[in-house]
Each structure stands twice: as structure tokens, then as C-alpha cells.
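**Student:** Below is the structure I would like to discuss, written out as C-alpha cells.
The values are calculated or read from the model by the stated rules, or taken from the named source; none is laboratory data. Fair warning: this is a prediction, and the values are worked out from it, not measured in the lab. Cβ placement follows ideal geometry from the backbone for every residue including glycine, while neighbour counts extend to all protein chains displayed. Areas reflect the complete protein model, heavy atoms only, side chains present, ligands, DNA and RNA absent. Shrake-Rupley method; radii C 1.70, N 1.55, O 1.52, S 1.80 Å.
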Amino acid sequence: MIIIIDGPPASGKSTIVVFLARRFSFKVYGFKRLGFLNLFAELLLRVILSVSVLSVMKVSEDLKTMQVLKRERRDPILLISSGLLKRIAFIDFLLEAIYKFVRFFLFIILALMCRNVVIDEWFSLGWANYYNLMIRKKAFMPRHVEMLMRLDIMFLRFLSRVSRIRVYFIDRSREKLTLFWRRRGHVTPYDARFAILVRYFFNLFVQVCKEHKINVDIKYLYLK
């Protein structure tokens, strides 16, 4: 059986995943996004920081911002200018597509080796990230986001034919999300608009599964 835990940031997904892993001996798989793209972004930032003419901010401020992003587990690509990301949008898409196939391959191996697997994040949060990068940073073109989403659905369809899949979307009030966000040590404000975006893509995910008749059990859980 495969259990997917999804939801807005700071909703308690990782806590639930740890509980399932300890209580029921589930193997944990973190389906994170933007792996190769973030590595590429860090490389670009190091190049930019080494050439003061190209740096938008002071070097010390850039380094401090990078440290904050790493501590808060946020994506380094957020520091890259929209103009540069727009010019290399196809490279961004290619890196994410390759990374996605690598993660698919690794997950298939894990699923074959283990009877029960719990996945930390996937569709709703991942699609919201793609859309957010497309709108705010111009890192992807609309067709790129559509293709990345289609790849996720194709893989889900394949998994649904070989294993039982349950998707749990964990949600909380804005006040709780903000509280848990601060308790995690974040210094940046909680992005309530992004949480709304994650909920929107969860509804889209439910609709897509129904239209394509993908055999997946989907539950929305609102926790107080």
C-alpha cells in the first residue's frame, strides 16, 4: 500500500509521516521537487556572488539570505532574478523533468522492495510550486508546467494499477498554519496565498483523478 500525505506548508505532514513510519513500520519517501534545479540555482548564485558587477545586492546580504533559505528549507531558485530564469526557462524545465524521472525510478525500486510506503508531499504542493515559479519568477512556461503535471498523472496511473494508493490532504486554519510555521523557526512570514494555491491544486487533482478514472482513495482531513 502507498500512502501520500499532502497539504499546505506547516500543516503537519512530516509529523504524520514520522508517526506512520514509527507506528506501522512504513518506509518513507520524500517526493521533493526542484532538486537539480536548486543545485543549478546555487551554482548560478555562486557565480553571481563572485562577480560583483552582476550582483544585485551586496555580497554579505546575498550570503545571509542564502543561509536563511537553507535554514528554512526554501528553494535557492527564489533568489534568481525573473529575467534570467525566463531566458533559461527550457533549461529549468529540462532539469526538473530529468529529476522527476530519477525520483520515479528510485520510488519504483523502493515500492518493489517494501510492502508499505508513505510519501511526504507530492501533487498539490508540487503543482503549486510549479505554478508559483511560473507566475512569480517566470522559471517555467505554461506548457512546461502542464507537461510536468501530466508526467505526475501518468506515473500515478501506473502506480494505481500495481498497488493500492491512498492520498490524504492535511489542512488547518490560517492561524494554526502561521503558528506552526513560526514554531518551526521561520523568520519569513507565512505565505497564506501559497496555501490557498495548494488547496486549489488539490481540488484540481481530485477532478483529474475522477475524469481519468484513476483508482485512488482521496481524503481531505481538516485538523484543528
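**Student:** Please work out which residue is farthest from ASP217 (Cα to Cα), limiting yourself to the range 136-163 and to residues that are open to solvent by 80 Å² or more (accessible area, probe 1.4 Å) and among the aliphatic types (A, V, I, L, M). Write out each step before concluding.
**Tutor:** At the first step, the residues of the range 136-163 found to be open to solvent by 80 Å² or more (accessible area, probe 1.4 Å) are 136, 138, 142-143, 146-147, 150, 154, 158, 161-162.
With the extra rule that they be among the aliphatic types (A, V, I, L, M), the set shrinks to 147, 154, 162.
Working: MET147: 24, MET154: 17, VAL162: 14 Å.
Per the stated criteria, the residue is MET147.
So that you can scan it fast, the table gives a plain yes or no per residue for (1) assigned to a helix (DSSP H, G or I); (2) without any contact (Cβ under 8 Å) to a residue 60 or more places away in the chain:
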{"site": "PHE140", "(1), (2)": "no, yes"}
{"site": "ARG161", "(1), (2)": "yes, yes"}
{"site": "ARG166", "(1), (2)": "no, no"}
{"site": "ILE196", "(1), (2)": "yes, yes"}
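**Student:** In the range 13-31, which residues are part of a helix (DSSP H, G or I) and touching a residue at least 60 places away in the same chain (Cβ under 8 Å)? Outline the logic, then answer.
**Tutor:** Of all residues in the range 13-31, those part of a helix (DSSP H, G or I) come to 13-24.
Answer for the range 13-31, where residues must be part of a helix (DSSP H, G or I) and touching a residue at least 60 places away in the same chain (Cβ under 8 Å): LYS13, SER14, ILE16, VAL17, LEU20, ALA21, PHE24.
**Student:** State the number of residues belonging to the range 111-135 that are in a helix (DSSP H, G or I) and open to solvent by less than 40 Å² (accessible area, probe 1.4 Å). Outline the logic, then answer.
**Tutor:** Let us first name the residues in the range 111-135 that are in a helix (DSSP H, G or I), namely 111-113, 123-135.
Subset that is open to solvent by less than 40 Å² (accessible area, probe 1.4 Å): 111, 123-130, 132-134.
Count: 12.
**Student:** Looking only at residues in the range 178-187 that are part of a loop (DSSP other than H, G, I, E, B) and open to solvent by 70 Å² or more (accessible area, probe 1.4 Å), which one is farthest from ASP120 (Cα to Cα)? So that I can check it myself, show each step before the final result.
**Tutor:** Here is the first cut: in the range 178-187, the ones part of a loop (DSSP other than H, G, I, E, B) are 184-187.
This time we only want the ones that are open to solvent by 70 Å² or more (accessible area, probe 1.4 Å), so: 184, 187.
Numbers: ARG184: 17, VAL187: 23 Å.
Across the range 178-187, the extreme among qualifying residues is VAL187.
**Student:** Right, something else. Across the range 168-177, what is the total count of residues that are assigned to a helix (DSSP H, G or I) and open to solvent by less than 30 Å² (accessible area, probe 1.4 Å)?
**Tutor:** Step one: list which residues in the range 168-177 are assigned to a helix (DSSP H, G or I), which gives 174-177.
Pick out the ones that are also open to solvent by less than 30 Å² (accessible area, probe 1.4 Å) and you get 177.
Counting residues in the range 168-177 that are assigned to a helix (DSSP H, G or I) and open to solvent by less than 30 Å² (accessible area, probe 1.4 Å) gives 1.
**Student:** Please go through the range 191-221 and give me each residue that is open to solvent by less than 40 Å² (accessible area, probe 1.4 Å) and in contact with a Lys or Arg (Cβ under 8 Å, 6 or more places away or on another chain), ordered by number. Explain how you work it out, then say what you get.
**Tutor:** We begin by selecting, within the range 191-221, every residue open to solvent by less than 40 Å² (accessible area, probe 1.4 Å); these are 192, 194-195, 197-198, 201-202, 205-206, 208-209, 214, 216.
Those that are open to solvent by less than 40 Å² (accessible area, probe 1.4 Å) and in contact with a Lys or Arg (Cβ under 8 Å, 6 or more places away or on another chain): ALA192, ALA195, ILE214, VAL216.
**Student:** Also, I was wondering about something else. In the range 49-62, is there at least one residue being surrounded by 13 or more Cβ atoms within 10 Å (Cβ to Cβ) and modelled with pLDDT of 65 or more?
**Tutor:** no
**Student:** Please tell me if PHE107 is farther than 15 Å from ILE5 by Cβ, among the hydrophobic types (A, V, I, L, M, F, W, C), at pLDDT below 95 and in a helix (DSSP H, G or I). Before you say what the answer is, go through the steps one by one.
**Tutor:** Details: farther than 15 Å from ILE5 by Cβ: no; among the hydrophobic types (A, V, I, L, M, F, W, C): yes; at pLDDT below 95: yes; in a helix (DSSP H, G or I): yes.
No.
**Student:** Residues of the range 69-94 being open to solvent by 40 Å² or more (accessible area, probe 1.4 Å), at pLDDT 90 or above and under 18 Å from the mean Cα position of the chain (by Cα), which ones?
**Tutor:** LEU94
**Student:** (1) modelled with pLDDT of 90 or more; (2) open to solvent by less than 40 Å² (accessible area, probe 1.4 Å); (3) out of contact with any strand residue (DSSP E or B) (no Cβ under 8 Å at 6 or more places or on another chain): which one isn't true of PHE36, the others all being true?
**Tutor:** Here PHE36 meets the rest and fails (2).
Residue-by-condition table, conditions (1) modelled with pLDDT under 95; (2) closer than 20 Å to PHE90 by Cβ; (3) not basic (Lys, Arg):
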| residue | (1), (2), (3) |
| --- | --- |
| LEU125 | yes, no, yes |
| LYS137 | yes, yes, no |
| LEU156 | yes, no, yes |
| LYS176 | yes, no, no |
| TRP181 | yes, no, yes |
| ARG184 | yes, no, no |
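**Student:** Taking TYR190 and the conditions (1) within 25 Å of ASN38 (Cβ to Cβ); (2) in a helix (DSSP H, G or I), which numbered condition does it fall short on, given that it satisfies the others?
**Tutor:** Here TYR190 clears every test but (2).
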